[in-house]
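Each value in this text was obtained by applying a stated rule to the coordinates, not by laboratory testing. If you're wondering where the values come from, they're calculated on a predicted model, not measured in any experiment. With ideal geometry, Cβ positions are generated from the backbone for all residues, glycine too; neighbour counts draw on all protein chains shown.
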Amino acid sequence: MSGRPASGKRRVVVGISGASGSAYGIRLLEMLRATPNVETHLVVSRSARQTLQLETSRTVSDVEALADVVHSSVDIGASISSGSFRVHAMVVAPCSIKTMSNLAWGNTGELIARAADVALKERRRVVLMLRETPLHVGHIESMLRVSQAGAIVFPPVPAFYNRPQSVADIVDHSVMRCLDLIDIECEAAPRWGEASRSLLAAATNAPKRAPSGMSTHE
């Protein structure tokens, strides 16, 4: 079923949980806001409100202003809690172990887990940017269960082939890859083919360096 409402826009639900990594959710909203014909629905959990204050200089109001529609995390009657409300996809960024476990075991008393559960039963794409390490067997079992239900577990593991120069570069690459998974175009960071070709060319053309302690004349 299409996630496009009568307006023709693709609706994307964004959940921000209390896990560390608020920057991922904020950057996701910024990228979606810059994408034509996308309507975002945001849910910020109670724990996420505290994490936002600890990790960023953004207020909750600042973050909510990036979304088209904002829902309370305790509003189980929200539009996104029903399968008849068509959405394109849902991303939880960052996703806490609690949120993933709630989804894995059917504990849908909070709106993020409820909306994700609804999206899965309607066979829509759900991406969980899981933020936890190391993992014990209970975490891994929950990852298996949500994967079997159709969700994509996407820990934002940084890439280094693009030579990131800042934390923002690392965040942009992970969020771009996340958007790839829900079929939304966003060229926010170098991709492997682009980065590898330019870096290999630079390495090939660079002057040869002698090993440390040796002269090039020896």
Subtract the Cα-Cα distance of Glu55 and Asp180 from 0.36 nm times their separation in residues, and report this length gain in nm to one decimal.
42.4 nm
Projected onto the charge dipole of the range 10-204 (unit charges on the beta-carbon of Lys, Arg, Asp and Glu, signs +1, +1, -1, -1), the Cα from Ser61, Ala149, Gly83 with the largest positive-side position is that of Ala149
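What dipole magnitude, in Debye to the nearest 20, does the range 119-172 give about its Cα centre under +1 on Lys/Arg Cβ and -1 on Asp/Glu Cβ?
Numbers: 7 positive and 5 negative charges, 55 e Å.
With Lys and Arg at +1 and Asp and Glu at -1, about 260 debye.
If I stretch the segment between Arg86 and Asp62 completely, what's the gain in nm (0.36 nm per residue apart, minus their alpha carbon distance), one decimal?
On the way: separation 24, 0.36 × 24 = 8.64 nm, distance 2.65 nm.
Once the chain is fully extended between Arg86 and Asp62, it gains 6.0 nm.
Gain in length, Asn37 to Ser79, computed as 0.36 nm per residue apart minus the alpha-carbon separation, to one decimal in nm?
Values: separation 42, 0.36 × 42 = 15.12 nm, distance 1.93 nm.
The span from Asn37 to Ser79 would gain 13.2 nm if fully extended.
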Ser7 and Ile140 label points (each 7 Å along its Cα→Cβ direction) are spaced in nm at 4.4 nm
In debye, nearest 20: dipole of the chain around its Cα centre with unit charges on the Cβ of K, R (+) and D, E (-)?
320 debye
Compute the distribution of all C-alpha to C-alpha distances in the range 10-204, in bins of 5 Å from 0, and list the percent of pairs in each, rounded to whole numbers.
1, 8, 17, 20, 20, 15, 9, 5, 2, 1, 0, 0
Sort Thr51, Thr56, Thr108, Thr133 so that the residue with the fewest other Cβ atoms within 10 Å of its own Cβ comes first and the one with the most comes last.
Thr133, Thr56, Thr108, Thr51
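Between Rg and the Kirkwood Rh of the range 69-150, both from Cα atoms, what is the Rg to Rh ratio? Can you show the working numbers first?
On the way: Rg = 12.3 Å, Rh = 12.9 Å.
Rg/Rh: 0.96.
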